[in-house]
Amino acid sequence: MELTRRGYAVLGIVVLAEVLALTYGARALNAIAAPAVVALLASAVQLRRTEIPTAERDYVPAAFPGDTREVTVEVEGSGVAEIEETVSEGLSVEDATAEATLPTTFTYTLTCAERGRRELGPLEVRMRDILGLVETTYEIGSTTRVLVYPPVYQVAGRDVILRHVLERSEVERQEFDTLREYVPGDPLRDVHWKSTAKAQDDIYVAEFADNRVDDDRIVVAATADAGSVDEMAAAAASVVVMALDAGLAVELRLPEQTVPMGRGGEHRQRLLEALAVTNTDFTSPFKSYVLPDGATEDADVVIRGDADGVSVAFGSDDRAFEDITVSRENPVARREVES
């Protein structure tokens, strides 16, 4: 418990009045000092008797870097309080403070900036007496974990996987599926000339649904040197999402864990969760973030990160990840918005 600025001002008046009274014998000054002392004591007693407030915070769904979430906080108690949210590194907040009479509810905007397992809370609550002379600070409420996935980019899609990883000469052109921007290595016969003519500056290729992938599966292994784990995680996330979108079952091998073979939306979430936290709990320096022996020998796709960037090896092909990146737009986030 401590005095506020107003409290220090009142205390200063008390001290000054007593000094003047002792110096000049002006007892009338005690009429000023005495009520001020009573006010300070009453404020301290009131604040001490006030119950410690409690708080509850909304659940915050997992997000991608750059995503925002609206977070609602309910604070129960009595009295006047200044409330401020605390956030861990990798998160930022806007309008996350409030001054109100309890109980109260307020909402603020949370922005997820960096991949990893982040935390909100506890809340810092500064309680004041009704006169605003005395205050005390509490940390209340539990912490809320916020999982931030790695970025996911659009990469050269199904045709690349089917031709290189599954050793197929071509996609079975059964049904038109989608359009995407051209990347080096795409066959010219897949260029969608009508869309390309409209775009003028961009070349678009058509992708076709391939019903043969239902029983196919791939193994993705990912490793990195110090300082390049974030880039590796983004590349691995982009590749596994691309593979799942193609209808493939995917197994992911990381130095700390292996996510078993699976497919579908729930499996995509498991893969992204693993990539969100990979290597984020290390506290000591390391030279490399390596896979166990033999983990890459039978892998269909091997992703490696180092000081020169991230490479993606599939079949007999080995490319820089940026060379097969079509767009920095997140295909997962776009589908969620459209749905």
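Rule-based calculations on the coordinates, nothing more; no lab input. Keep in mind that what you see is a predicted model, and the values were worked out from it rather than measured. As a convention, Cβ positions derive from the backbone with ideal geometry for all residues, glycine included, and neighbour counts pool all protein chains shown.
Here are the numbers for this structure:
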| quantity | calculated |
| --- | --- |
| Cα-based shape type of the stretch 219-314, given that a ≥ b ≥ c are square roots of the gyration tensor eigenvalues and the cut on a/c is 1.5 | prolate |
| Nearest-0.05 FRET efficiency for R6 and E329, computed from C-beta distance (R0 30 Å) | 0.05 |
| Computed magnitude of the charge dipole of the stretch 43-120 (debye, nearest 20; Cβ of K, R +1, Cβ of D, E -1) | 240 debye |
| Potential lengthening between E124 and T143 on full extension [0.36 nm per residue; Cα-Cα distance subtracted] | 5.7 nm |
| Segment T111-D202, length gained on full extension (0.36 nm per residue, minus Cα span) | 29.5 nm |
| Top positive-direction residue, dipole computed over the stretch 5-139 with Cβ charges, set S78, G7, L47 | G7 |
| Estimated FRET transfer efficiency (A100, A226; beta-carbon r; R0 45 Å; 0.05) | 0.45 |
| Fully extended contour minus Cα-Cα distance, from L16 to D298, at 0.36 nm per residue | 93.2 nm |
